[in-house]
Amino acid sequence: MFTGIVEELGEIVATEQLADAARLTIKGKLVTSDAGHGDSIAVNGVCLTVVEVVDGDSFTVDVMQETLNRSSIGGLDTGSRVNLERAAALNSRLGGHLVQGHVDGTGTVLSRTPSENWEVVRISLPDAIARYVVEKGSITVDGISLTVSGLGIADEPAADGNRDWFEVSLIPTTLSLTNLGFAVAGTTVNLEVDVIAKYVERLQQRG
């Protein structure tokens with residue numbers, strides 16, 4: 001379990017393609033400082049398991065094909081910058097919201113609108129999860145806990161086929177400390193909706 005508060009902007013330093021998986025080596029001095037085999041670290045919002053700690057400032061993870069297909073992890077390469085967060089401790093403050101690290105879908109950055117003190121980023125929203133997203137509600141974008149500041153439906157679908165979109169307003173801290181600070185239009189991002197909404201829906205369906 002995570003909170004969506006990114007601790008560190010890491011970097012992919014090595015990739016290895018396996019038969020039905022990939023092995024990534026990720027540099028992140030802070031999150032590696034107390035990491036060990038079997039620990040969970042969220043990489044761009046995807047919960048991955050530490051296989052090995054390397055040189056004290058990097059760790060390796062194995063990513064199965066299912067995760068590569070369902071997230072943006074499959075598109076990462078050496079040099080890619082990634083958001084990193086260690087699993088939450090029970091005695092820590094919940095600064096964001098409850099994040100599982102289980103990606104529900106991917107969206108595409110559609111536009112960025114800068115202002116003096118923040119920047120509004122519009123992201124496409126897959127139809128399969130659009131019903132779970134509400135204005136002023138929480139959503140996780142590449143592992144970042146954010147508040148939905150706007151919702152809408154475009155007249156024409158975006159390049160990824162999605163018509164629904166949502167907006168988030170990013171403060172300078174988020175812009176400088178996460179990969180959303182430099183995500184240009186066309187960038188694919190991982191999305192995780194609030195799990196509480198999915199539980200409520202399931203309970204209603206079961207009567």
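Sort out the exposed loop trypsin sites (Lys or Arg not before Pro) in the chain (DSSP loop, at most 14 other Cβ within 10 Å) and tell me the longest stretch that has none.
Maximal segment without exposed cleavage sites: 1-92.
The residue list Gly36, Leu48, Gln100 was ranked by how far each Cα lies along the charge dipole of the chain toward its positive end, using unit charges on Cβ atoms, and Gln100 comes out on top. Once the Cα-Cα distance is subtracted from the 0.36 nm per residue extended length, the Phe182 to Ala128 segment shows a gain of 16.7 nm. Using θ = phi - 60° in the Karplus curve 6.51 cos²θ - 1.76 cosθ + 1.60, the 3J(HN,Hα) couplings for region 93-100 round to 6, 8, x, x, 8, 5, 10, 8 Hz; x is entered for Gly and Pro. Annotation for region 107-207: GluC sites (Glu not before Pro) lying in DSSP loop with at most 13 further Cβ atoms inside 10 Å of their Cβ are Glu116, Glu135. Between Ala35, Ala89, Ala158, the GNM of the chain built on Cα springs shorter than 10 angstrom shows Ala89 fluctuating the most.
Per residue, the average separation of C-alpha pairs within less than 8 Å and at least 6 apart gives the chain a relative contact order of 24 percent.
Evaluate the relative contact order of region 82-139 (contact order divided by residue number), counting alpha-carbon pairs under 8 angstrom at least 6 apart; express in whole percent.
Taking the mean separation of contacting Cα pairs over the length of region 82-139, I get 25 percent.
Between Glu201 and Ser115, 0.36 nm times their residue separation minus their Cα-Cα distance comes to what? It would help to have the intermediate numbers written out before the result.
Details: separation 86, 0.36 × 86 = 30.96 nm, distance 3.71 nm.
Working it through step by step, the gained length comes to 27.2 nm.
With both labels modelled 7 Å from their Cα along Cα-to-Cβ, the Thr15 to His102 distance reads 2.7 nm.
Taking the Cα centre of region 1-157 as origin and assigning +1 to Lys and Arg Cβ atoms and -1 to Asp and Glu Cβ atoms, the resulting dipole is close to 360 debye. Across the protein chains, with a 1.4 Å probe defining accessible surface, the residues Glu66, Glu156 rank Glu156, Glu66 from largest area downward.
One chain, two ends: Lys136 and Glu52. Fully extended at 0.36 nm per residue, the span grows by 26.3 nm beyond their Cα-Cα distance. Using the 1.4 Å probe convention, the accessible area of region 1-98 works out to 52 Å² per residue with neighbouring protein chains retained.
The values are calculated or read from the model by the stated rules, or taken from the named source; none is laboratory data. These numbers come from a predicted model, not from an experiment. Methodologically, a virtual Cβ is constructed for each residue, glycine included, from the backbone with ideal geometry; neighbour enumeration extends over all protein chains shown. What goes into the accessible areas is simple: the full protein's heavy atoms, side chains included, and nothing from ligands, DNA or RNA. Shrake-Rupley method; radii C 1.70, N 1.55, O 1.52, S 1.80 Å.
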